[in-house]
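What follows is one structure encoded as structure tokens, with my remarks underneath.
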Amino acid sequence: MDIPNHFSDLARAAFHVAKEAGSLLKSGYQKDFDIIPKEMKNDVVTSYDYASEQLIVARLSDQFPTHSFLCEERGAMPHPDGSICWMIDPLDGTVNFAHHVPLFCVTIAACQENDVLCAVTYAPVLEELFIAEKGKGAYLNGRRLKVSATSSAHAAYIGTSLSFNLHLHPTHSIDVFSKVAHLGSPMRALGSTALNMGYIAAGRLDAYWSISGALSPWDIAAGILMIEEAGGVVTQVDGSTCQLKNSSSLLASNGKIHQELIQYLSS
């Protein structure tokens, strides 16, 4: 699980801190810990979310004192003298973690405006580390990644996330799920946006969509870079540009079935 030699010090920092935070999460997996409900039904945070985030911010602040942070739990931590902002989800897949399901990860991305410079997603129980750097490729445990060759949505293996925001979207996710299900393609809801997107980069999934309206920059930043560096495409479900801080939906794919899926998701 080494980092490619041609990657920058910025990517190396993300690599090492993700591994350390992942080890922290793995140490708490299947143990007793505090589970705290969030505002949305069935959405929770644990004491390990907070501990992981504290560790990541502390380590990166020591190395890059002028960098800013945007974190799931702490929110925005701006710095007036820096142009780089770290997008951090210290535990993506918290509900899985809380129920002792091993599909969870740490995901970290260094960004400038809407550009993702480098990113790491680490699933500690699975011992899988995805890493990407702009213009330098995407890798999983040292292996260069390439999206799948699937050329028809009818033959695709598709991931999705159904919304916790039932008060905002009481049936919309289910309506679209039903529409896509009529393709006859197998769909999976893994419970981690970052892992879904990493799996597209690795060719394990052909596409992933979310119309929850609750996408946050820390959910998608790492995955966007990984998919693009592996040859895939990320947009909103109507085909418009996916903005890190202002996107209400997401469609990621190997690129070959993208336009076909847009027709199903946006009609």
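The table below lists the values:
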{"read-out": "For the chain, accessible area per residue (1.4 Å probe, heavy atoms of protein chains only), Å²", "value": "43"}
{"read-out": "Range of Cα positions in the range 86-197 per principal axis (Å), largest first", "value": "38, 35, 32"}
{"read-out": "Net length gained if the chain between VAL101 and LYS245 were fully extended (0.36 nm per residue, minus Cα distance)", "value": "48.9 nm"}
{"read-out": "Globularity ratio of the range 9-144, using Cα Rg and 2.2 N^0.38 Å", "value": "1.03"}
{"read-out": "The chain, relative contact order [Cα under 8 Å, separation at least 6], %", "value": "17"}
{"read-out": "Debye, to nearest 20: dipole size of the range 9-144, +1 on Lys, Arg Cβ, -1 on Asp, Glu Cβ", "value": "440"}
{"read-out": "Helix 9-28 vs. the chain, principal-axis angle (Cα, 0 to 90°, nearest 10)", "value": "80"}
{"read-out": "Trypsin sites (Lys or Arg not before Pro) restricted to DSSP loop in the range 1-98 with at most 14 other C-beta within 10 Å", "value": "LYS31, LYS38, LYS41, ARG74"}
{"read-out": "Solvent exposure, largest accessible area first (probe 1.4 Å, DNA, RNA and ligands not counted), of ARG204, ARG143", "value": "ARG143, ARG204"}
{"read-out": "More than 24 angstrom apart: percent of Cα pairs within the range 158-266", "value": "12"}
{"read-out": "Computed helical MRE - 222 nm, the chain, DSSP H runs ≥ 4 contributing -39500 (n - 2.57), nearest 500", "value": "-9500 deg cm²/dmol"}
{"read-out": "Furthest towards positive pole of dipole, PHE97, SER148, PRO78, structure part the chain, Cβ charges", "value": "SER148"}
{"read-out": "Carbon and sulfur %, accessible surface of the chain computed with the full protein complex present, 1.4 Å", "value": "50"}
{"read-out": "Residue pairs, from the table LYS134/LYS179; LYS134/LYS256; LYS19/LYS146; LYS26/LYS256; LYS179/LYS256; LYS26/LYS136, whose Cα atoms sit over 25 Å apart", "value": "LYS134/LYS179; LYS26/LYS256; LYS26/LYS136"}
{"read-out": "Listed peptides 239-245, 2-8 by packing density, highest first (mean Cβ within 10 Å)", "value": "239-245, 2-8"}
{"read-out": "More than 34 Å apart - percent of Cα-Cα pairs taken over the chain", "value": "12"}
{"read-out": "Accessible area in the full protein assembly, largest first, 1.4 Å probe, for TYR264, TYR208", "value": "TYR264, TYR208"}
{"read-out": "Environment charge at PRO90 (Cβ cut-off 14 Å; Lys +1, Arg +1, Asp -1, Glu -1)", "value": "-4"}
{"read-out": "Nearest-ten-degree value, helix 172-181 long axis tilted from longest Cα axis of the chain", "value": "60"}
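The values are calculated or read from the model by the stated rules, or taken from the named source; none is laboratory data. Not measured: the values here are computed from a predicted model. All Cβ positions, even for glycine, are placed from backbone atoms using ideal geometry, and neighbour counts span all protein chains on display. These area figures cover heavy atoms from the full protein model, side chains too; ligands, DNA and RNA do not enter into them. Shrake-Rupley method; radii C 1.70, N 1.55, O 1.52, S 1.80 Å.
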